[in-house]
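Take a look at the structure below.
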Amino acid sequence: ALLEAQNLANIGTFTWDILEGKITAHSKDLNSLGLQPGNSFAEIMANVHPSDKMQVIQMFEKAITGSRPYECEYHCTINNRERIIWSKGKVKYKDGQPSQLNATIMDVTDKHQMITKLQRSEELYKQAQALNRIGNWSWNIHSDRVQWSDELFNIYGLPAQSEQITFERYLSFVHPDDREPRKSGIHEQISNPGHREYYFRIKTPDGAEKILYGQSEVLINEEGLAFKMIGTCQDVTAQKTLEKTLYDRTVQLQKSNASLKVFAYISSHDLKEPLRKISLFGDRLRMLNESKLDEQSNSILKTIIQSSLRLQQMIDEILSVSKINTDEHFEQTSLTAILEDVIASIEHQVEEKAATINYDPLPEAFVNPIQVRQLFMNLITNSLKFSRPNIPPVINITSDFPSVREITEAGLENSKRYLRIRFSDNGIGFLNDYAE
């Protein structure tokens, strides 16, 4: 049974006759371990990697002289493959002279490969923690022994594994304003185990302040008592700083938008009204005195009127863009009041076209007043713009509430109430291809 176990584990035993310089006994076929019965020392050393030969010779000599037990690990070539061999043995003496070495030999190549993989995995794990600025920890509640990963030491501004951390030592790093809340949170979690997430600030030994995002769990023993806490901490200082910067800029933008709304109000009432009067009365002045003024005076007056209209149009365009982009406020609003305000603001264009605008009283609706005003403005000015030559425009505006059947056929939600507003005119119209 012992021999079978040795074969399964690829372990062998052998006796080295020091006086004859040959292997004289063995427990299995040692060929897979680089040995054969009758091998001389030189034949064994021929398979050993050159970089390890001196080490093997020295270990063998020390074992023979009795200065230390024989134990050696070396690389060798077996069946054209490089393997790692471990051997350990004891020298026996006869008449005061070393006579034989009884030793165990084992192929530890797979073990070394596994260790290498584990070391590489540990290295990658540490690299991942460093890249993400995240470390892990555990705290034995009863012994007050805290273990930190290397990256957590780095986050706290300490050399890796430079000291033994305790609960009180951890609290000493926590920002004074966050210390009691963090301490209370830990005790509460021990009393009521479960997953927790939290933010807190720390101060490193060099005085730097950092913001950490933590997660933790409490482990329970068989008796249902908390015995250990485990968790992670991530340095989110840069992220939180960026969030604060974005928040501050958002506040500034909101203030700028508020100022823009004030400007829009001033422009609408303090700038547009004088311009409207200039263009209106300038046009009337031209109509009343056109025959009395010479050609140059008529041209100057016409330029004044056109310039005021152009400036008014530019203000309208600026206002329409600023209002649409900055105002998303909805409120219960009189649509009739909005419509009448629009008609009043384009009074000159209506008179110039000799247009008639007919409308029924419109109901109140929960709308964005600025956007609805812009919609009404676009529809009416388009009707004036695309009127038939020499035919005064007639614009009719009506409203009603669609029936349930009409709402269903339109693919709208039946649970909502809809208002339909119709704008019609006697203008040139448009092709059905552009109806949408």
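Give me 307, 184 ranked fewest to most by other Cβ atoms within 10 Å of their Cβ, as a rough exposure proxy.
184, 307
Quickly estimate the mean residue ellipticity at 222 nm for the chain, helices only: each DSSP H run with n ≥ 4 gives -39500 (n - 2.57), and the total goes over all residues, rounded to 500.
-15000 deg cm²/dmol
What list of ³J(HN,Hα) couplings, whole Hz, do you get for the stretch 402-418 from phi and the Karplus terms 6.51, -1.76, 1.60, once you set θ to phi - 60° and write x for glycine and proline?
Along the stretch 402-418, the couplings run x, 6, 4, 4, 5, 5, 5, 5, 7, x, 9, 6, 5, 6, 9, 9, 10 Hz.
In the structure displayed, which of 53/88; 261/302; 272/292; 22/62; 88/117 lie more than 23 Å apart, Cα to Cα?
Distance filter (> 23 Å) returns 261/302; 272/292; 88/117.
For the chain, build the charge dipole from Cβ charges (+1 Lys, Arg; -1 Asp, Glu) around the Cα centre, then report which of 216, 59, 258 sits farthest towards its positive end.
Going by the Cα projections, it comes out as 59.
At q = 0.10, 0.12, 0.17, 0.18 Å⁻¹, what base-10 log of I(q)/I(0) does the Debye formula yield for the stretch 1-159 when every alpha carbon is treated as an equal point scatterer in vacuo?
Result of the Debye calculation: -0.55, -0.67, -0.95, -1.04.
Through the Karplus equation 6.51 cos²θ - 1.76 cosθ + 1.60, θ set to phi - 60°, convert the phi angles of the stretch 207-220 into ³J(HN,Hα) values in whole Hz; use x for Gly and Pro.
After applying 6.51 cos²θ - 1.76 cosθ + 1.60, I find x, 6, 9, 10, 10, 10, 10, x, 9, 8, 9, 10, 9, 10 Hz.
Taking a cut-off of 23 Å between Cα atoms, list the lysines near residue 244, but don't count ones fewer than 8 places away on the same chain.
Excluding near neighbours in sequence, the set is 203, 210, 255.
With labels modelled as points extended 7 Å from the Cα through the Cβ direction, what inter-label distance (nm, one decimal) is found for residue 118 paired with residue 294?
10.9 nm
For the chain, taking Cα atoms only, what is the radius of gyration to one decimal and the Dmax to the nearest whole Å?
46.3, 150
So what's the Cα pair-distance distribution over the stretch 131-235, bin width 10 Å, in %?
14, 51, 30, 5, 0
Express the relative contact order of the stretch 131-235 as a whole percentage, based on alpha carbon pairs under 8 Å and six or more residues apart in sequence.
This gives 30 percent for the stretch 131-235.
Can you grab the distance from the C-alpha centre of the stretch 369-385 to the C-alpha centre of the stretch 398-414, Å, no decimals?
23 Å
Can you give me the relative contact order of the stretch 328-436 as a percent, contacts being Cα pairs under 8 Å and 6 or more apart?
28 percent
Using square roots of five times the C-alpha gyration tensor eigenvalues, list the equivalent-ellipsoid semi-axes of the stretch 328-436 in whole Å, biggest first.
Ellipsoid semi-axes (Å, largest first): 27, 19, 12.
Expected output is a single nm value to one decimal: the length gained when fully extending between residue 221 and residue 257, i.e. 0.36 nm times separation in residues minus the C-alpha distance. What is it?
7.1 nm
Express the relative contact order of the chain as a whole percentage, based on alpha carbon pairs under 8 Å and six or more residues apart in sequence.
Relative contact order here is 7 percent.
None of the figures in this text is laboratory data; all of them are computed from the coordinates on show. Note that the structure is a prediction, hence the values are computed from the model and not measured. Using ideal geometry, Cβ is built from the backbone for each residue, glycine included, and neighbour counts are taken over all protein chains shown.
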